[in-house]
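> There's a structure below that I have some questions on.
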Amino acid sequence: MGWFSKKKKASPDPTKSKDVFVQCSRCHAHIFLEEWKEQVKVCPRCNFHDRLSARERLDLLIDAGSFHELGKDIRPGDPLLFADARGSYAEKAEAARAKTGMNEAVLAGHGRLNKLHTAIAIMDFRFLGGSLGGSTGEKILMTTEYAAGHKLPCIIVSASGGARMHEGMVSLMQMAKTCAGVARLRQRNLPLISVMTDPTTGGVSASYAMVGDFHLAEPGALIGFAGRRVIEQTIKQKLPDDFQTAEYLQEHGFIDCIVQRTELKSLLHSLLVYCGCS
């Protein structure tokens with residue numbers, strides 16, 4: 001049979017292939033996949049904490065079967081009918097929904113953390129960079145309002161590149177809106193625990209992420225407002241290599257504790273017990 005008439009072998013089904021290793025994004029070490037999963041995407045060689053989806057964090061922190069979602073059907077608005085050279089905002093939001101299976105960049109609700117009832121909001125960087133838009137802020141506010149109305153503690157896990165500029169002033173107003181929700185918790189003597197992951201920047205770091213009663217962060221997380229290059233160009237100075245890392249912020253008193261991902265649930269439980277939650 002001529003070479004040009006031979007039947008091509010069927011390509012292997014990628015859904016049936018089994019990867020044995022994953023490669024760390026920082027140190028490039030090859031890690032057994034099962035070990036990677038057991039360590040919740042933390043590199044055992046260099047302690048690099050890879051990013052998690054909102055659902056993965058939910059499974060890590062909240063007792064199985066106890067979570068009740070709030071605002072599930074809330075979706076981004078498009079007040080400016082924004083579009084640029086790469087397409088419309090509406091198209092980008094739809095692509096993000098298809099990619100993540102979420103309607104917004106935050107998963108909001110309430111559930112049990114080691115049997116302690118708590119309200120919780122978890123951001124997902126995969127959805128438009130975890131940006132803070134009108135409906136994102138609405139879901140954060142919804143979480144704090146539920147906590148205030150039911151006398152519950154509140155946990156917010158941040159992962160964001162900042163304000164969603166596709167929505168203009170509507171996006172920027174979410175900083176004040178979410179902080180108002182945090183203030184209502186404070187009026188009722190209810191704790192807000194802020195967990196900052198990589199990255200927590202821009203309008204999120206300048207609002208609810210930094211006004212909690214407890215500020216926790218994962219090792220090596222990027223936390224800050226403006227980017228390094230913008231700051232260096234503004235002040236005409238070279239910044240330290242570890243600038244805007246969780247370790248730098250802890251050293252300068254901006255956060256209370258850096259916690260390993262595998263120990264986060266235990267520490268959150270201890271803080272909730274300390275605050276008298278049940």
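The values are calculated or read from the model by the stated rules, or taken from the named source; none is laboratory data. Note that the coordinates shown come from a computational prediction; the quantities given were computed from them, not determined experimentally. All Cβ positions, even for glycine, are placed from backbone atoms using ideal geometry, and neighbour counts span all protein chains on display.
> Tell me whether segment 196-215 contains one or more residues that are at pLDDT below 95, among the charged types (D, E, K, R) and not assigned by TED's automatic domain parsing to the domain that holds PRO44.
Start the filter on segment 196-215 by keeping residues that are at pLDDT below 95, which leaves none.
So far as segment 196-215 goes, no, none of its residues is at pLDDT below 95, among the charged types (D, E, K, R) and not assigned by TED's automatic domain parsing to the domain that holds PRO44.
> For ALA176, work out the one condition from (1) in contact with a Ser or Thr (Cβ under 9 Å, 6 or more places away or on another chain); (2) closer than 22 Å to GLN244 by Cα it doesn't fulfil.
If we test ALA176 against (1) in contact with a Ser or Thr (Cβ under 9 Å, 6 or more places away or on another chain); (2) closer than 22 Å to GLN244 by Cα, just (2) comes out false.
> Hey, another quick one. I need the full set of residues from segment 249-265 which are touching a residue at least 12 places away in the same chain (Cβ under 8 Å) and part of a helix (DSSP H, G or I), in order please.
LEU249, GLN250, ARG261, THR262, LEU264, LYS265
> Let me ask another. Which residues, counting only those in segment 73-111, are small (Gly, Ala, Ser) and assigned to a loop (DSSP other than H, G, I, E, B)?
We begin by selecting, within segment 73-111, every residue small (Gly, Ala, Ser); these are 77, 83, 85, 87-88, 90, 93, 95-96, 98, 101, 105, 108-109, 111.
Once the filter is applied, which keeps residues that are small (Gly, Ala, Ser) and assigned to a loop (DSSP other than H, G, I, E, B), segment 73-111 yields GLY77, ALA85, GLY101, ALA105.
> Taking segment 170-200, which residues are among the polar types (S, T, N, Q) and either assigned to a helix (DSSP H, G or I) or touching a Pro at 6+ places or on another chain (Cβ under 7 Å) (or both)? Can you show your working first?
Keep residues of segment 170-200 that are among the polar types (S, T, N, Q), which gives 171, 174, 178, 187, 189, 194, 197, 200.
SER171, GLN174, THR178, GLN187 - these are the residues of segment 170-200 that are among the polar types (S, T, N, Q) and either assigned to a helix (DSSP H, G or I) or touching a Pro at 6+ places or on another chain (Cβ under 7 Å) (or both).
> I would also like to ask the following. Filter segment 160-172 down to residues that are under 20 Å from the mean Cα position of the chain (by Cα) and surrounded by fewer than 19 Cβ atoms within 10 Å (Cβ to Cβ) and give me whichever is farthest from MET196 (Cα to Cα).
Result: MET165.
> Residues in segment 118-147 that are of a type in the set (D, E, K, R), crowded, with 22+ Cβ neighbours inside 10 Å and in contact with a helix residue (DSSP H, G or I) (Cβ under 7 Å, 6 or more places away or on another chain): how many?
Result for segment 118-147: 1.
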